[in-house]
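Student: Got a structure for you, questions after.
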Amino acid sequence: MKLGDIYQTASSWHALSAMKMQPQMAHKIMKYARLVFQEYDLIEKQRIAIVREITGTNSGQEARIEPDTVQFNEYVRRFNEVLNVESELKPFGDELDSVLDSLGKSQENLLSVRDLVLLEPFFIQ
């Protein structure tokens, strides 16, 4: 799995983490989501470092890269290099179906198709 896969799923992991489920599954999801969010935070720090380097700004200073500029193209190129790195994150130990089964049929536990598409690669098949 690539770091880009992790980066684009943060909101889906937040959605899944907020759902009510059986305590044992909730505990497993909590521990795994922490790993996902740690990876996300590292990616975000790298993204910010790239922006700071390209714009020549320090922490606390506003940094902005305008679209359709040489700086923007450099940012996209360098951030895509980060996103294409393979992650060492191992798949979640259960199938996605077993996680979904533990959510029950509560109307408050709703995931979008997009969430499921993004989350699916994280689970054993």
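Student: Find the residue count for the range 99-117, including only residues that are under 21 Å from the mean Cα position of the chain (by Cα), of a type in the set (Ser, Thr, Tyr) and surrounded by 13 or more Cβ atoms within 10 Å (Cβ to Cβ).
Tutor: Residues flagged as under 21 Å from the mean Cα position of the chain (by Cα), of a type in the set (Ser, Thr, Tyr) and surrounded by 13 or more Cβ atoms within 10 Å (Cβ to Cβ) within the range 99-117 amount to 0.
Student: Considering only the range 77-93, state which residues are touching a Lys or Arg at 6+ places or on another chain (Cβ under 9 Å), in a loop (DSSP other than H, G, I, E, B) and exposed (fewer than 11 other Cβ atoms within 10 Å of the Cβ).
Tutor: Listed by number, the list holds a single entry, 84.
Student: Hey, another quick one. Scan the range 52-71 and tell me whether some residue there is closer than 23 Å to residue 121 by Cα, assigned to a loop (DSSP other than H, G, I, E, B) and out of contact with any helix residue (DSSP H, G or I) (no Cβ under 9 Å at 6 or more places or on another chain).
Tutor: Taking the range 52-71 and keeping what is closer than 23 Å to residue 121 by Cα, we get none.
There is no residue in the range 52-71 that is closer than 23 Å to residue 121 by Cα, assigned to a loop (DSSP other than H, G, I, E, B) and out of contact with any helix residue (DSSP H, G or I) (no Cβ under 9 Å at 6 or more places or on another chain).
Student: In this structure, is residue 25 of a type outside the set (S, T, N, Q) and either out of contact with any strand residue (DSSP E or B) (no Cβ under 9 Å at 6 or more places or on another chain) or more than 25 Å from residue 106 (Cα to Cα) (or both)?
Tutor: Details: of a type outside the set (S, T, N, Q): yes; either out of contact with any strand residue (DSSP E or B) (no Cβ under 9 Å at 6 or more places or on another chain) or more than 25 Å from residue 106 (Cα to Cα) (or both): no.
When the stated conditions are applied, residue 25 does not pass them.
Student: Scan the range 92-120 for residues that are closer than 19 Å to residue 38 by Cβ and either basic (Lys, Arg) or touching a helix residue (DSSP H, G or I) at 6+ places or on another chain (Cβ under 6 Å) (or both) and jot them down. Walk me through how you get there before you give the answer.
Tutor: Of all residues in the range 92-120, those closer than 19 Å to residue 38 by Cβ come to 92-93, 118-119.
Answer for the range 92-120, where residues must be closer than 19 Å to residue 38 by Cβ and either basic (Lys, Arg) or touching a helix residue (DSSP H, G or I) at 6+ places or on another chain (Cβ under 6 Å) (or both): 92, 118, 119.
Student: If you don't mind, there's one more thing I want to ask. Tell me which residues, restricted to the range 27-36, are surrounded by fewer than 15 Cβ atoms within 10 Å (Cβ to Cβ) and touching a helix residue (DSSP H, G or I) at 6+ places or on another chain (Cβ under 8 Å).
Tutor: 30
Student: Spot the failing condition for residue 47; the list is (1) without any contact (Cβ under 8 Å) to a residue 40 or more places away in the chain; (2) among the charged types (D, E, K, R); (3) touching a helix residue (DSSP H, G or I) at 6+ places or on another chain (Cβ under 7 Å); (4) closer than 30 Å to residue 107 by Cα, and only one is missed.
Tutor: Result: residue 47 passes all but (4).
Student: Checking residue 56 against (1) more than 20 Å from residue 11 (Cα to Cα); (2) surrounded by 13 or more Cβ atoms within 10 Å (Cβ to Cβ): exactly one of these is not met. Which one?
Tutor: That leaves (2) as the condition not met.
Student: Being surrounded by fewer than 15 Cβ atoms within 10 Å (Cβ to Cβ), touching a helix residue (DSSP H, G or I) at 6+ places or on another chain (Cβ under 7 Å) and among the charged types (D, E, K, R) is true for just one of 74, 39. Which residue is that? Don't jump to the end; show me each part of the working.
Tutor: Numbers: 39 fails: surrounded by fewer than 15 Cβ atoms within 10 Å (Cβ to Cβ).
Result: 74 is the single residue among 74, 39 that is surrounded by fewer than 15 Cβ atoms within 10 Å (Cβ to Cβ), touching a helix residue (DSSP H, G or I) at 6+ places or on another chain (Cβ under 7 Å) and among the charged types (D, E, K, R).
Student: Do any residues in the range 1-21 that are under 15 Å from residue 99 (Cβ atoms) and in contact (Cβ under 8 Å) with a residue 40 or more places away in the chain have Cβ atoms under 8 Å from those of residues that are β-branched (Val, Ile, Thr) and assigned to a helix (DSSP H, G or I), where the two are at least six apart or on different chains, and which pairs are they?
Tutor: Partner pairs satisfying both residue conditions: 9/36; 13/36; 16/29; 16/99; 21/29; 21/99.
Only the coordinates and a few stated rules stand behind these numbers; no lab work does. Here the structure is a predicted model, which means the values were calculated and not measured. Glycine gets a Cβ as well: all are built from the backbone with ideal geometry, and neighbour counts include every protein chain shown.
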